Number of protein chains: 2
Amino acid sequence: MNRDFLYNQIANGIASQITGGLLKAGDKLPSVRMLCREYRISMNTAKRVFLELEAQSLIDSKPQSGYFVSMGSHLKLPLPDVSRPSAVAKGMEPDELISKVYANMGNDGFTLFSIAVPSTDLLPLAKLRKEIMNATRELNGGGAAYEPVQGNVKLRRMIAIRSLAWGGNLHENDLITTTGAMNALSFCLMALGKPGDTIAMESPCYPGTLQLAITLGFKVLELPTHPISGLELNALKEAIPKINLCLLVPNFNTPLGSCMPDENKKEIVALLSKHNIPLIEDDIYGDLYFGAQRPKCCKSFDKDGSVLWCSSVSKTLAPGYRVGWVAPGKYKDRLLKLKLVHSISSSSIAQEAVASFLNSGKYESHLRQLRRTLQDNYQHYVNAIARYFPEGTKTSRPQGGLSLWVEFSNGTDVAKLYDLAIKQHISIAPGRMFTLQNQFENCMRLCFGLPWSVQIEAKLKQLGSLAKVV
Amino acid sequence: MNRDFLYNQIANGIASQITGGLLKAGDKLPSVRMLCREYRISMNTAKRVFLELEAQSLIDSKPQSGYFVSMGSHLKLPLPDVSRPSAVAKGMEPDELISKVYANMGNDGFTLFSIAVPSTDLLPLAKLRKEIMNATRELNGGGAAYEPVQGNVKLRRMIAIRSLAWGGNLHENDLITTTGAMNALSFCLMALGKPGDTIAMESPCYPGTLQLAITLGFKVLELPTHPISGLELNALKEAIPKINLCLLVPNFNTPLGSCMPDENKKEIVALLSKHNIPLIEDDIYGDLYFGAQRPKCCKSFDKDGSVLWCSSVSKTLAPGYRVGWVAPGKYKDRLLKLKLVHSISSSSIAQEAVASFLNSGKYESHLRQLRRTLQDNYQHYVNAIARYFPEGTKTSRPQGGLSLWVEFSNGTDVAKLYDLAIKQHISIAPGRMFTLQNQFENCMRLCFGLPWSVQIEAKLKQLGSLAKVV
């Protein structure tokens, strides 16, 4: 029996004992050794079972004592199933839905649960303002002169240094700056593929990358994805003969918030490299981990430069600055040429400001605070869902990032829920936006970048009431 | 006989009498009426002959007295011929040459005659710095928040107002901001064409647009272009059945600096619209006119939204800000979608700063000063060429913009001249960069964005000496 399947099955069994109430908060779980004997599995597999349950916040480990059912887990909602998209690339764009949702984006009076971005209340605006002023003094020509195509060298140096924390070991020369991560992804797709090519992605998946792929004439193969551990390895293995490219968000992808275990990352990189398939890795949420440690990236396991690692400060610091970057491995020359040809260079001042903010050490303390707030938000949001949403509602259990995935019972029409909610000035992102197939009609993405407050709770309560009547 | 050909022929005849010394500085020319009789042409054609000679600075008009040979014209160098590129689309990229030239771009110790950008000494840096600081106060979230996809509304409003001066009559809703004009051109090409399509351009032409077209898989049809009046109408008419798209720089295009007469613009717009061929108009140099009035654009004559007018502040105010825009006519929805998909939105702060600089009225006085300086530079540069360059050197006569086209006698290998010059820390742009065909090997673009000084004169003298030995 497949190893992946096995540990998932055991973990799910224990999880359902917890969520079903058979195991109560505070109950002690069997030891790793006992689990090995009971299920005839290896120590490693047993450890992965507990790691998975811990990642799901269902259990806590206590030093020298073992694992216990988490005290908060009685509030936990059931987990959505692994997605099962069609094994054939499809291109049914949810155009109308996307236009509707984006049209309300800049609308001040609305509560936007729909966009995966931290509220400006959570950003260090005063400090950033100072960095902008410094940048106009530091830069050649106050930022009015063209900078080198590759981008601000101070910024690239800071990103390279930060990459040591997740095993990226990048050098400033490995990086190219871009107008946000979306622009980095766009250059990667243009550099590596051509119309008619098939690109593999997670499912559900960020609508922007789906749209980008479709706009460039690619076919998108959506792959089954686990709400906790991300892309299913087997599905990718089976897809290999069909795909030319792969674009993944291994860390806290939106909408699920899943995080791919390190060994999966390693295996995927080796697999794709063996078949000469470039991997575009979108790591914009990587710094927003709720756990003790920043997760690694696929790039951490890249041996031959076939991983193109993309990120930005749009989810952590300043979306409006449009400061992103890519470490394109062996495709650097192609990317540089594309950047030159499509935009010559990046806007200078915002890059310099971010570089100097990173250099000051303020970024780390800001991130610590932001992660704490987001994790708190998430707990509050999930509790509100448990309290106010219809029975049977399932949610993903993000281990970081800005969004969670809500699955209503079958038959709930979330497109209709959107229409009802928007009348009450609440914006959500219907599940159908996150796929090019007819699936997820009973799902939605709920972002928790808005700070918790009685108003937010009231809005979630309103949303829950609406969900009960659609 | 074709009307275009006729007035050009007559003008060139008189021009060569002047440059050849047959007509001396201060000599009176025949009147319009006499010219009509002599050549059996209409009053309009005769007037165009004088306008053309005036545009070439060969003659001056004196009120109530008629036309006289210009006092400075004894220094005038002969004009290069109308270009005669192949009538078949070609794609021989001057890759190596371009890499070489760009590699030296950020090099501080070099005299860069190769890049078409005003020196930062000519930019209002202190004022811009203040605008940047104001922008961080004015903007929502200090510029850290995403702005609407279409771009900063204040900036769009200011561009719309300025468009009244050249008959654009745009509304803020007609405009989309971009990361510089190059990014606007990139979106236009992606929105309107597909790999295999043929796009018509002037020849010689900016290497960036040639590269962009090739990168996107287009075939480029380079069209004969007159150094004074720009694209040859007849050539475009003949090309109509072969082309899907047209990209022109009607005002002071680089490298020639030609300016298309209004009636040509009008005729081209009508012709292309009749054949349903979109016209992408790059107007980045439009505000840098040496004459009394800002020239119109093709967009001024656009009746059905088939002209996509692109521009930026990169040639006039702040290249490093990457603030550009496009008025895409009836293709607005397509462009908006492309911008969203490829970069979400633009960097906020630089746009707001430019908007407020434009709004303050400071832009107009800055432009007046800049135009004066550039025209002075141009005169100095041309005089230096006449003095120091090999006999037989021809130059274009830019009526605005930042660059002039230098044609050495046949057999002069400018790629070799580049290698010699770069050793002396002088960078030029070899003519072969401005085409995808094997032509212009004896030409170069010389930009006059560097303020005149004894050092610049010495560098031009050095360059002239080198040109005499290659």
Do any trypsin sites (Lys or Arg not before Pro) in the stretch B:229-303 lie in a DSSP loop with no more than 15 other beta carbon atoms within 10 Å, and if so, which?
-> B:303
Cα centroid separation, the stretch A:176-196 to the stretch B:282-310 (Å) | 32
In nanometres, what is the gap between the two model label sites at residue B:165 and residue A:54, each 7 Å from Cα along Cα-to-Cβ?
-> 6.6
Distances in nm between the label point of residue A:62 (7 Å along Cα→Cβ) and its equivalents in the other copies, shortest first, are 10.7
Relative contact order (percent, whole number), chain B, Cα cutoff 8 Å, 6+ residue spacing = 21
Could you work out the mean projected area of the convex hull around the alpha carbons of the protein assembly as shown, in square nanometres to one decimal?
-> 39.7
If you build the Cα gyration tensor of chain A and take the root of 5 times each eigenvalue, what three semi-axes come out, in whole angstrom, biggest first?
-> 34, 26, 24
Where does each of A:33, A:397, B:294 land when they are ordered by accessible area, with a 1.4 Å probe and the largest first?
-> A:33, B:294, A:397
Taking the axis of the rotation relating chain B to chain A, the B residue whose Cβ comes closest, together with that distance in whole Å, is B:347, 2
Distance (nanometres) between label positions extended 7 Å along Cα→Cβ at residue A:304 and residue A:423 | 5.8
List the residues of the stretch B:309-350 whose accessible area drops by at least 30 Å² when all protein chains are present, compared with their chain alone, using a 1.4 Å probe and counting only protein heavy atoms.
-> B:319, B:320, B:321, B:322, B:337, B:340, B:341, B:342, B:343, B:344, B:347, B:349
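With a Förster radius of 25 Å, plug the Cβ-Cβ distance of residue B:237 and residue B:330 into 1/(1 + (r/R0)^6) and report the FRET value to the nearest 0.05. Walk me through the numbers before you get to the answer.
Numbers: r = 24 Å, r/R0 = 0.94.
Between residue B:237 and residue B:330 the formula returns 0.60.
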19 Å tail of the calculated P(r), the stretch B:304-455, as % of Cα pairs | 67
Dipole magnitude of the stretch A:138-183, debye to nearest 20 (Cβ charges: Lys/Arg +1, Asp/Glu -1, about Cα centre) = 120
Scalar couplings 3J(HN,Hα) for the stretch B:114-123 by Karplus 6.51 cos²θ - 1.76 cosθ + 1.60 (θ = phi - 60°), nearest whole Hz, x for Gly and Pro, are 8, 10, 8, 8, x, 3, 4, 4, 9, 9
Which order, highest average first, do B:167-173, B:413-419 follow once you tally other Cβ atoms within 10 Å for each residue and take the mean per peptide?
-> B:413-419, B:167-173
Can you give the alpha-carbon Rg of the stretch B:137-240 over 2.2 N^0.38 Å, where N counts its residues?
-> 1.38
Unit Cα scatterers, Debye sum, the stretch A:47-193: log10 I(q)/I(0) for q = 0.09, 0.14 Å⁻¹ = -0.64, -1.26
Rounded tilt (10° steps) of B:414-423 against the dominant C-alpha axis of chain B = 70
Using Cα atoms only, what is the angle between the long axis of helix A:43-55 and the major principal axis of chain A, expressed in degrees (0 to 90) to the nearest 10?
-> 80
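Which entries of B:90/B:303; A:219/B:330; B:194/B:339; A:127/B:339; B:194/B:332; A:339/B:100 have Cα-Cα distances beyond 24 Å here?
Those over the limit are B:90/B:303; A:219/B:330; A:127/B:339.
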Taking a label point 7 Å from the Cα of residue B:270 along the Cα→Cβ vector, which residues of the stretch B:201-235 have an amide N closer than 20 Å to it?
-> B:230-235
Please give the per residue accessible area of the stretch A:181-288, computed with a probe of 1.4 Å over protein heavy atoms only, in Å².
-> 24
Provide the three semi-axes, in whole Å and in decreasing order, of the ellipsoid equivalent to the stretch B:245-316 as defined by the square roots of 5 times the Cα gyration tensor eigenvalues.
-> 21, 13, 10
With a 1.4 Å probe and every protein chain kept in, tell me what percent of the accessible surface of the stretch A:159-218 is carbon plus sulfur.
-> 54
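For residue B:125 and residue A:126, what is the calculated FRET efficiency with R₀ set at 25 Å and r taken between the beta-carbons, to the nearest 0.05? Walk me through the numbers before you get to the answer.
Working: r = 25 Å, r/R0 = 1.00.
Computed FRET efficiency for residue B:125 and residue A:126: 0.50.
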Just the Cα atoms of the stretch B:390-470: what Rg and Dmax do they give in Å?
-> 12.3, 37
Dipole in debye (nearest 20) - the protein assembly as shown, about Cα centre, beta carbon charges: Lys, Arg +1; Asp, Glu -1 | 760
Peptide A:111-120 - average C-beta neighbours from other chains (10 Å radius) = 1
When each copy gets a label point 7 Å from Cα toward the beta-carbon at residue A:425, what are the spacings between them in nm, shortest first?
-> 6.3
Once the in-chain neighbours fewer than 8 apart are removed, the aspartates and glutamates whose Cα is under 13 Å from residue B:28 read B:60
Treating each Cα of the stretch A:177-316 as an identical point scatterer and ignoring solvent, apply the Debye formula and state log10 I(q)/I(0) at q = 0.09, 0.11, 0.18, 0.20 Å⁻¹.
-> -0.22, -0.34, -0.99, -1.27
Applying 1/(1 + (r/R0)^6) with R0 = 35 Å to the Cβ-Cβ distance of residue A:383 and residue A:47, what FRET efficiency is obtained, to the nearest 0.05?
-> 0.70
For the charge dipole of the stretch A:3-71, defined by +1 on Lys and Arg C-beta atoms and -1 on Asp and Glu C-beta atoms about the Cα centroid, which residue among A:50, A:9, A:65 has the Cα displaced farthest towards the positive pole?
-> A:65
According to a simple spin-label model (label point 7 Å from Cα along Cα-to-Cβ), what is the distance in nm between residue B:99 and residue A:197?
-> 2.1
Tell me the distances, shortest first, between residue B:266 and the same position across the other copies, using label points 7 Å along Cα→Cβ, in nm to one decimal.
-> 7.4
Enter the Cα centre distance for the pair the stretch B:339-356 and the stretch A:323-385, rounded to the nearest angstrom.
-> 17
To the nearest 10 Å², what's residue A:60's accessible area with a 1.4 Å probe?
-> 70
How much length, in nm to one decimal, is gained on full extension between residue B:81 and residue B:263, taken as 0.36 nm per residue of separation minus their Cα-Cα distance?
-> 63.3 nm
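Per the Cauchy relation, a quarter of the hull surface: what is the mean projected area of the convex hull of the alpha carbons in the stretch B:233-385, in nm²?
The directionally averaged projection comes out at 11.2 nm².
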Over all alpha-carbon pairs of the stretch B:3-71, lay out the pair-distance distribution in 5 Å bins, whole %, shortest bin first.
-> 4, 18, 31, 28, 15, 4
Does anyone have the angle between helix B:454-469 and the longest principal axis of chain B? Alpha-carbon axes, 0 to 90°, nearest 10?
-> 60
For every helix of n ≥ 4 consecutive DSSP H residues, a contribution of -39,500 (n - 2.57) applies; sum these over chain A, divide by its total residues, and give [θ] at 222 nm rounded to the nearest 500 deg cm²/dmol.
-> -12500 deg cm²/dmol
All-pairs Cα distance distribution in the stretch A:125-363, expressed in whole percent, bin size 5 Å = 1, 7, 15, 19, 20, 16, 11, 6, 3, 1, 0
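The values are calculated or read from the model by the stated rules, or taken from the named source; none is laboratory data. From a predicted model like this one, the values you see are computed outputs, not experimental measurements. Every residue, glycine among them, receives a Cβ derived from its backbone with ideal geometry; neighbour counts consider all protein chains shown. The accessibility values were calculated without ligands, DNA or RNA, using every heavy atom of the protein model including side chains. Shrake-Rupley method; radii C 1.70, N 1.55, O 1.52, S 1.80 Å.
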